[in-house]
Amino acid sequence: MIERSYRQRKLIDAGIKGLSGLSALVAIFFLGWILIVVALKGASAVNVDFFTQLPTPIGEEGGGLRNAILGTIVLTVLATAIGVPLGVLGGVYLAEYGLESRFADAVRFVYNVLMGTPSIIVGVFVYTILVVEPLGLGTFSGYAGAVALAVIMLPVVARTTEDMLALVPNALRESALALGAPRWKVTVGVVFRAAKTGLVTGCLLAIARVSGETAPLLFTALNSSFEFSLAGLGEPTPNLTVTIWNYAMSPFEDLQRMAWGASLLITLGVLLIMLFARFLVRERKART
């Protein structure tokens, strides 16, 4: 009886391990398939003109996506400047001050809901308050797009910050407090320093999360084929994701090729961010 029970447990364990390994292989297969297709179709569009020229009129070959590349970089930087500080402050409150209070539980619930909210809903919300009159500016703008991306980043950064700060041993906090340091200085000078690798990793993952978003930008920043400048953030702003959507739907082969090139550029950018985040995690584990 005991021997049969032992064999059953071993068989179940082997079966679960096999299913887990198979699931991982399936995920890796499709990821590799996507990367190979994007690389093969997009490599032909990536050249010097792709980074230095403006889009040509529809129907004409050549040109590049200089304006969309610059617009995407600026939108991402602006969204990071808005979302990361707010997210870090929210995570600090949950981990260091709110703890298990009712208000902190309510904040965690809101963050969890935001993390599961479709990005298009966020885009419609920001469209209502920042684009449509009378509350909004009455026009699509880069500012509205950056706010939409920041809203998506906010819960990711906040929950990651809370989790990373929760991993810091309480003995460090208690030692610093026993020396007479104020609570805010303990948080900034001791807790942050101990969790800095995890905090940076969470911010990078949040940036990777929003760098490929299209739906919220369709309702906020929209797009533009004209030269990009910082002064034009109050108007429709060029960006890669909406450009990909527009070009991929075009019947012109050259525009479809440019869409594949832009897809490759975004994919490589996200991969580099993810690899850097993994490098930081491994460095932290090596130190500990």
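The values are calculated or read from the model by the stated rules, or taken from the named source; none is laboratory data. All values reported here derive from a predicted model rather than from experimental measurement. Because the Cβ atoms are built from the backbone with ideal geometry, glycine has one as well, and the counts that use them run over all protein chains shown. Please note that ligands, DNA and RNA were not included when accessible areas were found on the heavy atoms of the full protein model with its side chains. Shrake-Rupley method; radii C 1.70, N 1.55, O 1.52, S 1.80 Å.
Brief remarks on what is shown
- Karplus-derived 3J(HN,Hα), 6.51/-1.76/1.60, for each residue of the stretch 250-259, Hz, glycine and proline x: 6, x, 7, 5, 5, 5, 5, 5, 5, 5
- The residues neighbouring S119, those whose beta-carbon lies less than 10 Å from its own, together hold a net charge of 0 under the Lys/Arg +1, Asp/Glu -1 convention.
- Segment D13-F51, extension gain: residue separation times 0.36 nm, minus the distance between their alpha carbons: 8.4 nm
- Here the Kirkwood formula puts the hydrodynamic radius of the stretch 42-144 at 17.4 Å, using every distinct Cα pair.
- Coupling constants for the stretch 212-222 follow from the phi torsions by the Karplus curve (6.51 cos²θ - 1.76 cosθ + 1.60, θ = phi - 60°), and in residue order they are x, 6, 10, 4, x, 6, 4, 9, 10, 7, 6 Hz; glycine and proline get x.
- Full extension of the chain between T117 and S250 gives 44.9 nm of extra length, using 0.36 nm per residue less the Cα-Cα distance.
- Per-residue extension of 0.36 nm, minus the Cα-Cα distance of A231 and T139, leaves a gain of 31.6 nm for this segment.
- Size of charge dipole - the chain - debye, nearest 20, with Cβ of Lys, Arg +1 and Asp, Glu -1, no other charges: 1620
- Candidate aspartates and glutamates for bridging to K10, where Cα separation is under 17 Å - those fewer than 8 sequence places away on the same chain excluded: none
- For the stretch 211-280, alpha-carbon Rg over 2.2 N^0.38 Å: 1.25
- Kirkwood hydrodynamic radius (C-alpha pairs) into Stokes-Einstein, the stretch 103-229, 10 °C and 1.306 mPa s, D in µm²/s: 95
- Surface share of carbon and sulfur [accessible, 1.4 angstrom probe, percent] for the stretch 25-182: 73
- Summed over qualifying helices (DSSP H, 4 residues or more, each -39500 (n - 2.57)) and divided by its residue number, the chain shows a 222 nm mean residue ellipticity of -23500 deg cm²/dmol.
- Accessible surface computed residue by residue for the chain, with neighbouring protein chains in place and a 1.4 Å probe, gives 58 Å² per residue.
- Cα extents of the stretch 154-274 along the three principal axes, largest first (Å): 69, 30, 20
- Pairwise label distance in nanometres, I129 with A43, each label 7 Å out on the Cα-Cβ vector: 4.6
- At 0.890 mPa s and 25 °C, Stokes diffusion of the stretch 183-223 via Kirkwood alpha-carbon radius, µm² per second: 196
- Carbon + sulfur, % of accessible area of the stretch 217-275 - ligands and nucleic acids excluded, 1.4 Å: 73
- Other residues whose C-beta falls under 13 angstrom from the C-beta of W260 contribute a net charge of 0, scoring Lys and Arg +1 and Asp and Glu -1.
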